[in-house]
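Asker: What follows is a single structure, and I will ask about it in a moment.
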Amino acid sequence: MQAEKLDVELRTGLKKNAVKKIRKEGLVPAVIYGGEGDNKVITINPGDLQKIYKMEYGRNTLIEMNINDGKNTTKETVITYKFTIDPVKMDIKHVDFLRIDNKKEIEIDVRIRIKGSAPGIKLGGIFLQKKREIRISTLPENIPAFIDIDVSSMAVGDVIRIKDLVLDDKIKIVSYPEIELIAIEAPRKKKDVAEGAEESGTGEEAAKADE
């Protein structure tokens, strides 16, 4: 994966009022940490960051930051560790970046991408995707954009678990192996639904009788 370049500004001594001012200016406060370097507080143009997040690797894109302190420019290679979103405006409020060492593995969540069409769906089965991401451990250069899961042979009743995945030898799966990712469930018959409703009603009546 090639790192994408991003120009940012170094900030020092930021207090709560200063952070509010930064956001009013249309910038996003962020922090870089991890590795052997000191923590660095920076500000980012959100438009530039969104462009990177819309690329193939999304938030797992490696970023080469050009950090301007007003006098000099230094470089840091980072990856997004976590970010905070405004629940109303859906804008990025804050980002944590993790400093990258190309020789050390990192744990990261990678998106699942479904491939193919399950025959079980054509027979009336219900497609359930129970997880959207899988946690892996690998060197930064080996981070995949997606983890592809082929469902083209899935029949009604079939389940794909993490332990069923076959990935590149350079990638280790960290997530628990028994976690279910994809399932094709049998549709519930009207009779089963009606019986379920009757059992629910009987249970409610019994509960009221016990009161």
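Asker: If a residue must be under 15 Å from residue 85 (Cα atoms) and among the hydrophobic types (A, V, I, L, M, F, W, C), how many such residues does segment 32-55 contain?
Answerer: Total satisfying the criteria: 2.
Asker: Just one of (1) at pLDDT below 95; (2) surrounded by 12 or more Cβ atoms within 10 Å (Cβ to Cβ); (3) under 17 Å from the mean Cα position of the chain (by Cα) trips up residue 85, so point out which.
Answerer: With respect to (1) at pLDDT below 95; (2) surrounded by 12 or more Cβ atoms within 10 Å (Cβ to Cβ); (3) under 17 Å from the mean Cα position of the chain (by Cα), residue 85 is out only on (2).
Asker: Follow-up question, since we're still on this one. In segment 72-89, is there at least one residue being within 30 Å of residue 180 (Cβ to Cβ), part of a loop (DSSP other than H, G, I, E, B), without any contact (Cβ under 8 Å) to a residue 40 or more places away in the chain and not assigned by TED's automatic domain parsing to the domain that holds residue 175?
Answerer: Yes.
Asker: Please return the ranges of strands (runs of 3 or more DSSP E) entirely within segment 15-69 where 3 or more residues are more than 16 Å from residue 4 (Cβ to Cβ) and in contact with a Lys or Arg (Cβ under 9 Å, 6 or more places away or on another chain).
Answerer: 28-33, 40-44
Asker: Could you list, ordered by first residue, the pairs with Cβ atoms under 6 Å in which the first is in segment 101-117 and over 16 Å from residue 144 (Cβ atoms) and the second is modelled with pLDDT of 95 or more and in a strand (DSSP E or B), at least 6 apart or interchain?
Answerer: Sorted first by the residue in segment 101-117, then by its partner, the pairs are 116/150.
Asker: When you look at residue 32, is it within 19 Å of residue 140 (Cβ to Cβ), touching a Gly at 6+ places or on another chain (Cβ under 9 Å), buried (at least 17 other Cβ atoms within 10 Å of the Cβ) and at pLDDT 90 or above, yes or no?
Answerer: Considered against the rule, which asks whether it is within 19 Å of residue 140 (Cβ to Cβ), touching a Gly at 6+ places or on another chain (Cβ under 9 Å), buried (at least 17 other Cβ atoms within 10 Å of the Cβ) and at pLDDT 90 or above, residue 32 comes out as no.
Asker: From 134, 108, which residue is surrounded by 14 or more Cβ atoms within 10 Å (Cβ to Cβ) and modelled with pLDDT of 95 or more?
Answerer: Going through 134, 108 in turn, just one is surrounded by 14 or more Cβ atoms within 10 Å (Cβ to Cβ) and modelled with pLDDT of 95 or more: 134.
Asker: Same structure, new question: I'm trying to understand the selection: among the residues of segment 152-192, which are part of a helix (DSSP H, G or I) and either surrounded by fewer than 10 Cβ atoms within 10 Å (Cβ to Cβ) or modelled with pLDDT of 95 or more (or both)?
Answerer: 162, 163, 164, 190, 191
The values are calculated or read from the model by the stated rules, or taken from the named source; none is laboratory data. This one's a predicted model, so the numbers in the text were calculated from it and none came from an experiment. Every residue, glycine among them, receives a Cβ derived from its backbone with ideal geometry; neighbour counts consider all protein chains shown.
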